[in-house]
Amino acid sequence: MKPLDIISFAFNNIKQKKTQSMLTMIGIVIGVFAIVSLVSIGYGVEEYMHGEMMKMGGNKLTILPIKQFGIPPTHFFTDKDIKAIHNIRGVDSVVYGWYGGTDIEYNNEKKYVSYFYGPPNDIKKVYSGTGYNIEEGRWLSNSDTYKCNIGYGVAHGLFDKNVKIGDRIIVKDKKFKVVGIMGQVGNQQDDNLIMIPISVGENIFDKKDEYNFIIVVIKDGADMAKISNEISDVLEKSFGDTEFSVLSAEQLAETIGGILSILTLFISGVAGISLLVGAVGISNTTHMSILQRKKDIGILKSLGAETTDILAIFIVESGFLGLFGGIVGIIFGIIAAKIIENIAHASGYLMVNAWISWELIVGVLIFSFMMGVISGYLPARSGAKLNPIDTLRGE
């Protein structure tokens, strides 16, 4: 039989059993829908985070008191560690401080936000021009005391009434005057942020000489890798152990991206259970189709059709079921991902983006087709081996 005849036979068989074919494809549709929507959103977030990390610039190192993400730190950096880093040749400036969460009050409303305190002049020097810009007002200065910079989300939408320059926010029973509002970053953790001077922050949060966050700015022309190694050596002595990380913007982006990729892969694996159910459905449908069309198989063989032709007809049919299910699942998955993206953006979560590429679409289509082929192979093989005399007798 010609390839076109085989495809025509398989396609007509699916058309004749529309309801059965649609029910068979449901498992594939649900599985592909879940995987496409989850993978596109997962990689969209990963790409956004990578871009945001890279905005920090290639001349900065981030130092954290942890070896691996997800494992709480055993202790924190001190002034001794900061001084040791400052003394390294090639280091331009060092921003250090504490990053955490706290309740703040405005207009008799209380909300939970992120906070960061550090040396104001150094914060401005490091963050200005990196995507963390002041939209209105000014950066904090070293002469400020009970004043603050707030994130875009704190100013717009967090409270019933928008916060303006000159308004006062209560933090730990202390009033802070808003002198600067930051531009929108795109994730709630950064947009719902309040920055205060380190001199005040250490007192109200009772964390004197204790820091969980350091950014080091390297001088132009200095060897980044060499200075990174020197910082590691110096910190190992002053910090007391090796439970810390010295990461460039690229390394930080790769680390966060790796975590997001694992989460996306895990969730997609769970969603893939639906694909397994769909594969079982295709196998069962192919088996039932063979039982229903024994005489057709006998007639085809009596007319000269080879065993491989019969096998090909049923394999192509099961492959089509997988392919059609994949097409419908991709369409629904893309629509769902775009809806999630629009809802997230409307809520201020600019980091949530739908990453749709031809590689993803083509890969899922090939996978769906091959799953259909593999699922239908065994029943198709048994059907192709049927004795034509027995099938014509109806046995």
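The values are calculated or read from the model by the stated rules, or taken from the named source; none is laboratory data. Model, not experiment: these values are computed from the prediction. For neighbour counting, all protein chains shown are included, and Cβ atoms are generated from backbone atoms with ideal geometry for every residue, glycine included. What goes into the accessible areas is simple: the full protein's heavy atoms, side chains included, and nothing from ligands, DNA or RNA. Shrake-Rupley method; radii C 1.70, N 1.55, O 1.52, S 1.80 Å.
Table: residues versus (1) basic (Lys, Arg); (2) at pLDDT below 90.
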{"position": "Lys80", "(1), (2)": "yes, no"}
{"position": "Lys83", "(1), (2)": "yes, no"}
{"position": "His86", "(1), (2)": "no, yes"}
{"position": "Tyr96", "(1), (2)": "no, no"}
{"position": "Thr102", "(1), (2)": "no, no"}
{"position": "Tyr106", "(1), (2)": "no, no"}
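If the condition is being of a type in the set (Lys, Arg) and within 32 Å of the chain's Cα centre (by Cα), then the stretch 103-150 contributes Lys110, Lys111, Lys124, Lys125. Here the strands (runs of 3 or more DSSP E) wholly within the stretch 130-236 that include at least 1 residues being buried (at least 19 other Cβ atoms within 10 Å of the Cβ) are 147-150, 168-171, 174-182, 193-197, 213-218.
Being open to solvent by less than 30 Å² (accessible area, probe 1.4 Å) and assigned to a strand (DSSP E or B) is the filter here; which residues of the stretch 74-99 pass it? Spell out how you get there, then give the answer.
Of the stretch 74-99, the ones open to solvent by less than 30 Å² (accessible area, probe 1.4 Å) are 77, 81-82, 84-85, 88, 90-91, 93-95, 97-98.
If the condition is that a residue be open to solvent by less than 30 Å² (accessible area, probe 1.4 Å) and assigned to a strand (DSSP E or B), then Phe77, Val91, Ser93, Val94, Val95, Gly97, Trp98 are the ones that fit.
The residue that is farthest from Glu341 (Cα to Cα), counting only those in the stretch 40-73 that are modelled with pLDDT of 80 or more and open to solvent by 60 Å² or more (accessible area, probe 1.4 Å), is Lys67.
Annotation note: Cβ proximity below 9 Å between a residue of the stretch 138-153 that is more than 17 Å from Met182 (Cα to Cα) and polar (S, T, N, Q) and a residue that is modelled with pLDDT under 95 and assigned to a loop (DSSP other than H, G, I, E, B) (sequence gap 6+ or interchain) occurs for Asn142/Pro119. Mind checking whether some residue in the stretch 191-201 is within 33 Å of the chain's Cα centre (by Cα) and more than 30 Å from Lys67 (Cα to Cα)? No, the stretch 191-201 contains no residue that is within 33 Å of the chain's Cα centre (by Cα) and more than 30 Å from Lys67 (Cα to Cα). Residues that are at pLDDT 85 or above and over 31 Å from the mean Cα position of the chain (by Cα) within the stretch 205-222 comprise Phe205, Asp206, Lys207, Lys208, Asp209, Glu210, Lys219, listed in sequence order.
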